[in-house]
Each structure stands twice: as C-alpha cells, then as structure tokens.
Amino acid sequence: MGSRLTLTANDGHSLGAYRADATGTARAGIVVLQEIFGVNTHIRSVCDGFAADGFTCIAPALYDRSSQRDCELGYEASDMTTGRKLREEFSWDDTVRDVAAAVAVLAGEGLQVGTVGYCWGGTIAFLAGVRLDVSAAVVYYGGQIVPYKDEKARCPMLMHFGEHDAGIPLSDVEQLKAAQPEAAVHIYDAGHGFNCDRRGSYDEAAAALARQRTLEFFNANLT
C-alpha cells in the first residue's frame, strides 16, 4: 500500500522512511515512530491503518543512524536483544532530528502534523511534542520519558499505558501526569506492547479502545 522515500535531517544524515498516503484527500499528516524493532511489517501496517482513516503517514527509519541500516526485526528474544543494542548507538537528539525531517515533508505539503510512537517511539513522540513544531503527540507506553517530563509541551498530548507493564511502573505514570497536567493519560488493563498484534502481550480490547481515543484526538487537534 505504501512507498519508500529518503529523508535528510538537518545535520546532513540521510535515512529511509515508509510512506502511506491517505485514502482520498489527506485530513492531516502523522509521523509514526517505531518500537525498538525498526520499521517492520507491524509499523507499516500501523501507517496503512491511519492512511485508511484519511491521514498521510511517514515512518522514519530511525535505526539508519546505527550500524544496521534498513533494520527490520521480529519479536523473538534475539530481536529484543538486537533492538536494545541498536538504540544505544545514537542519541535522543539524533532521533528528534530525524523526526523533524519527516515532519518537514508533511508540513511542506500544507498538512498539520502529529506524531504517534510505540514503546521506544513513544518516548520519541513525547520529545517531538516538547521540542518540535507539531500539532499533537500520542504516546503509547513510552518508558523513558521521566527524565524529560518537565519539558514544556508545545502541543496537546495523549498517553496510553498498561497497568501491568513490568517496565513502566505506575509511579512513573503518576509523575508524568503531575508534570504534564494538560495531557490526557489513560491506563489499560494490559501489559507492555498491548497495541502490537504480533506480540504475545497484544490485548485486542485495549488496542481497540486506545486507537479509538487516538483517532478522536487526532481528529480534534489536527483537522
């Protein structure tokens, strides 16, 4: 359904990306931010899903700054190990530069732009919402936000967390709610990765409700 393109960040770095154009006239643009598993079949399907709802999406290949360009991983233990290693090869500032390159493409087409990120990408979506000129940011179980929680939001934010997420204690979620009182924060009877139907932690009910809320949020803030 989608296509491949090349982005260029403001430091000259070139990276790949997946693009899914909206069905019909685009309502707005969404930058979709990967888990630690790269722009794999799941992330491409997320883009395709939002495109079917009228949003043009770009998923930047953030691992193109690592030693393994064009990286696509699965969800086995070995994939988890590889993904965790790759994400340590560059900085949060690097990822924000790459997100900004995707935002610039969509904004250049006259679209309002939001971000949505999952797991590692959830933290990056938050950073985009406090550091870039985007109009909305959606966080799915971003587990590394707390060190940056006091940065001022530049747009409306929506956050989704699992009550049973072993990697993100509810005390962290409470810190985020206190630091970002304007953000809408929802907690689901689910674990980490509940949105991903390729993972054992997938929770259909939680994923459906979170997606409904995400679409309502984007429709309210981007269109």
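All of the numbers you see were taken from the coordinates with simple rules; none came from a lab. Not measured: the values here are computed from a predicted model. Backbone-built Cβ (ideal geometry, glycine too); neighbour counts: all protein chains shown.
Here is how the numbers come out for the structure above:
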item	result
Flag for V173 being under 19 Å from G121 (Cα atoms) and either of a type in the set (S, T, Y) or in a helix (DSSP H, G or I) (or both)	yes
Unique residue being within 13 Å of W92 (Cα to Cα), buried (at least 23 other Cβ atoms within 10 Å of the Cβ) and among the small types (G, A, S) when the list is G122, G114, G129	G122
Residue satisfying all of: in segment 135-163; basic (K, R) and closer than 22 Å to L222 by Cβ; surrounded by the most Cβ atoms within 10 Å (Cβ to Cβ) among these	R154
Meets criteria (touching a Gly at 6+ places or on another chain (Cβ under 7 Å) and farther than 16 Å from E35 by Cβ) for S135	yes
Of the criteria (1) surrounded by fewer than 22 Cβ atoms within 10 Å (Cβ to Cβ); (2) under 17 Å from A125 (Cβ atoms); (3) in contact with a helix residue (DSSP H, G or I) (Cβ under 7 Å, 6 or more places away or on another chain); (4) of a type in the set (G, A, S), which one S66 fails	(2)
Condition met for G191 (surrounded by fewer than 17 Cβ atoms within 10 Å (Cβ to Cβ), small (G, A, S) and not in a helix (DSSP H, G or I))	no
Selection from segment 144-170 of residues that are within 24 Å of G83 (Cα to Cα), hydrophobic (A, V, I, L, M, F, W, C) and assigned to a loop (DSSP other than H, G, I, E, B)	I145, A166, I168
Segment 129-143, subset in contact (Cβ under 8 Å) with a residue 40 or more places away in the chain and part of a strand (DSSP E or B), residue nearest to R154 (Cα to Cα)	A136
Residue within segment 104-115 that is within 19 Å of Q212 (Cα to Cα), in contact with a Phe, Trp or Tyr (Cβ under 8 Å, 6 or more places away or on another chain), part of a loop (DSSP other than H, G, I, E, B) and in contact (Cβ under 8 Å) with a residue 24 or more places away in the chain present	no
Filtered residues of segment 49-96 (kept if within 19 Å of I145 (Cβ to Cβ) and part of a helix (DSSP H, G or I))	L62, G83, R84, R87, W92, D93, D94, T95, V96
